[in-house]
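The values are calculated or read from the model by the stated rules, or taken from the named source; none is laboratory data. On a predicted model such as this, the values are computed, not experimentally measured, just so you know. Please note: Cβ atoms are built from the backbone with ideal geometry, for glycine as well, and neighbour counts cover all protein chains shown. Accessible surface areas use protein heavy atoms only, side chains included; no ligands, DNA or RNA. Shrake-Rupley method; radii C 1.70, N 1.55, O 1.52, S 1.80 Å.
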Amino acid sequence: SAKGRTAGVSPPSLKRDTFIMAGREAGGGGVAARAAQKLFSLSGLFAVYKPKGPTSAAVLNLLKEKLLAEAGVQTNGNKRKSQVLKIGHGGTLDSAATGVLVVGIGKGTKLLKTILAGSKKYTAIGLLGKATDTLDATGKVTEEKPYDQVTKRDLENVLQKFTGDIMQVPPLYSALKKDGERLSTLVKRGEAVEAKPARPVRVYSLSLQQFQPPLFTLDVECGGGFYVRSLVSDIGKELSTCASMQELTRTKHGPFTLEEHALHEDKWTIDEIARSLEHCMSLLPGEPSHKKFKTEHPEETTIFSFYIFLQKLKGNVDWMK
């Protein structure tokens, strides 16, 4: 898990109208024009499923391409698709990770920085006895230690030390930046990079779900800026051995869950996303079926109260100013 960033720049209305006209001329006439108009009117937050392999940015780019193609909008090979469609994601998932990726579209992109600081839930599989330079299965093994002495009770006791408000040193291979460049990029170039200092992070809950040495499975709920890879590595050190993360799945981000809200690629269509954006309204404070969410993490109530405000503006520029 790492900090994400908002992608996309809002095009002027004249430019948007130009692309809608282009959609009409591209074929399909009124149908294409209506699809383009609907696409550019979408606004809010929804979630997609990120598979293992591609980066979060690559997933977002594929989503853009599919939506623009459906709307009949021709980009003519223009790499700056963000000028055409205002869209971004709310928190990077590592390439090897899977799960919920929150996406903002239209005015919803203004919420992404806030949701980045919200709570997230993960399921992680750790491996005792091996450490890697990336702290996960994609890196080179840097250390091996015996782990036979570790018991299930030992592991459960250690987890208590990593719950609550703790200090954590971020991994070198991360999206954090130094002089405008990602630390991971600098490390891959062979440049000497010092670890970032430990910083405060919050772990709402941490539990052991399975223990089959050398593998163990954790459920983690944490705040923004938390690295599960670092957690697994630190747990290994606390147990007088070493450990690295083998698999990571983000099961929840804010109110968006993997089971209920994450759209798989076959549902990356304008109509499906429009329905998903409508469904998002049911996640907001005040809905009887979601009162638990309202008290679970107060900062998220603020996020989605602001979301209601944006929805009510409906493009009213004077109000927005």
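Among all positions in the stretch 298-307, there is at least one residue which is of a type in the set (D, E, K, R), modelled with pLDDT of 50 or more and within 23 Å of the chain's Cα centre (by Cα). In this entry, Lys161 is excluded by the filter for residues that are touching a Cys at 6+ places or on another chain (Cβ under 9 Å) and outside the structural domain of Trp268 (by the TED database). Annotation note: of Lys145, Lys152, Lys140, Lys120, the sole residue that is in contact with a Gly (Cβ under 9 Å, 6 or more places away or on another chain) and open to solvent by 10 Å² or more (accessible area, probe 1.4 Å) is Lys145.
Inside the stretch 250-273, residues that are under 24 Å from Lys113 (Cβ atoms), in contact with a Leu (Cβ under 8 Å, 6 or more places away or on another chain) and either open to solvent by 20 Å² or more (accessible area, probe 1.4 Å) or in a helix (DSSP H, G or I) (or both) make up a count of 3. Scanning the stretch 31-62 for residues that are open to solvent by less than 40 Å² (accessible area, probe 1.4 Å) and part of a helix (DSSP H, G or I) turns up Ala32, Ala33, Ala35, Ala36, Leu39, Phe40, Ser56, Val59, Leu60. When Leu101 is tested against (1) within 30 Å of Arg34 (Cβ to Cβ); (2) open to solvent by less than 50 Å² (accessible area, probe 1.4 Å); (3) at pLDDT 95 or above; (4) out of contact with any helix residue (DSSP H, G or I) (no Cβ under 7 Å at 6 or more places or on another chain), exactly one condition is not met: (4).
In a residue-by-residue description of the stretch 242-250, the property of being more than 22 Å from the chain's Cα centre (by Cα), farther than 18 Å from Leu93 by Cβ and at pLDDT 95 or above applies to at least one position. Residues in the stretch 63-86 that are open to solvent by less than 40 Å² (accessible area, probe 1.4 Å) and either modelled with pLDDT of 95 or more or in a helix (DSSP H, G or I) (or both): Leu63, Lys64, Leu67, Leu68, Ser82.
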